[in-house]
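The values are calculated or read from the model by the stated rules, or taken from the named source; none is laboratory data. For clarity, every value in this text was computed on a predicted model and none was experimentally measured. Please note: Cβ atoms are built from the backbone with ideal geometry, for glycine as well, and neighbour counts cover all protein chains shown. Accessible surface areas use protein heavy atoms only, side chains included; no ligands, DNA or RNA. Shrake-Rupley method; radii C 1.70, N 1.55, O 1.52, S 1.80 Å.
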Amino acid sequence: MQSSHVVRQALRSDVGTVARVLAEAFDADPVMRFIVPAPHYRKRLTALFAFETLLSPRGSWVDVVDGEIAGAALWGLPGTGPPGFWPTLRHSRYLLRAFGTGLPKAMRSFRVIEDAHPTSPPHWYLQTLGAARPGRGVGGALLRDGLARADAQGLPAYLESSAPGNVAIYERYGFRPTREIVLPGGPTLTAMWREPVRGGQ
């Protein structure tokens, strides 16, 4: 029996599940392993993704497969910019749970990534994409859905691939590497850009 994929916008009630699914998906990610402290790593990672999801209320989508949330995509929408001071402060307890005394190191890494982010033209930014169990087509369903929305607006898309093995996958969806982003003392990310496709995928 073939699984059914339903991509929908995430609800506030989905935050806990989304955070757990993304934490499972990124358990071995080199960037997460570098910035998130090792003691209680999975709990810390879950707190980080809860923070990111709470700050992406209009840009969070989930793929529901056979009635369960199987993956999630967090998009930065054109014109929204980085989260402001007050929303960040409101949910800062999740940051503290995620990093503890390692917060300064994490913020330095985030600053390097943010400084490399193109400021123009307006674009869709794929901040996070993950599936709890690979091989079910969840990531592809979420990626196609987001890119179709970007194409419908005639806008490009941008992402940073934290896993070298994913670069070729994103290339199949029209992304092209633009530069490398080297975290101080840590791993390298690949910045990737995709021009809109006329008429969608």
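Evaluating E68 against the criteria (1) exposed (fewer than 15 other Cβ atoms within 10 Å of the Cβ); (2) within 12 Å of T128 (Cα to Cα); (3) of a type in the set (D, E) leaves one unmet condition, (2). Could you tell me whether A10 is over 16 Å from R133 (Cβ atoms), small (G, A, S) and open to solvent by 10 Å² or more (accessible area, probe 1.4 Å)? Yes, satisfied. Scanning region 116-163 for residues being in contact (Cβ under 8 Å) with a residue 60 or more places away in the chain, of a type in the set (G, A, S) and not in a helix (DSSP H, G or I) gives a total of 7.
Just one of the listed residues (P57, P30, P37) is closer than 24 Å to W124 by Cβ, open to solvent by 30 Å² or more (accessible area, probe 1.4 Å) and either in contact (Cβ under 8 Å) with a residue 60 or more places away in the chain or out of contact with any strand residue (DSSP E or B) (no Cβ under 7 Å at 6 or more places or on another chain) (or both), and it is P57.
Residue count for region 157-184 satisfying the condition of being at pLDDT below 95 and surrounded by fewer than 13 Cβ atoms within 10 Å (Cβ to Cβ): 3. On the stretch given as region 164-198, residues that are in a strand (DSSP E or B), among the charged types (D, E, K, R) and touching a Pro at 6+ places or on another chain (Cβ under 9 Å) total 1. A single entry from R42, R111, R144 fulfils the requirement of being of a type in the set (D, E, K, R) and closer than 20 Å to N166 by Cβ: R144. Applying the condition of being over 26 Å from Y158 (Cα atoms) and open to solvent by 100 Å² or more (accessible area, probe 1.4 Å) to region 90-113 and asking which residue is farthest from the chain's Cα centre (by Cα) yields T101.
Could you tell me whether A116 is open to solvent by less than 20 Å² (accessible area, probe 1.4 Å) and at pLDDT below 95?
For A116, the condition - open to solvent by less than 20 Å² (accessible area, probe 1.4 Å) and at pLDDT below 95 - is not met.
Flag not set for E52, criterion: assigned to a helix (DSSP H, G or I) and open to solvent by 40 Å² or more (accessible area, probe 1.4 Å).
Scanning region 186-201 for residues being free of Cβ contacts under 8 Å to residues at least 40 places away in the same chain and either farther than 14 Å from L126 by Cα or buried (at least 16 other Cβ atoms within 10 Å of the Cβ) (or both) gives a total of 3.
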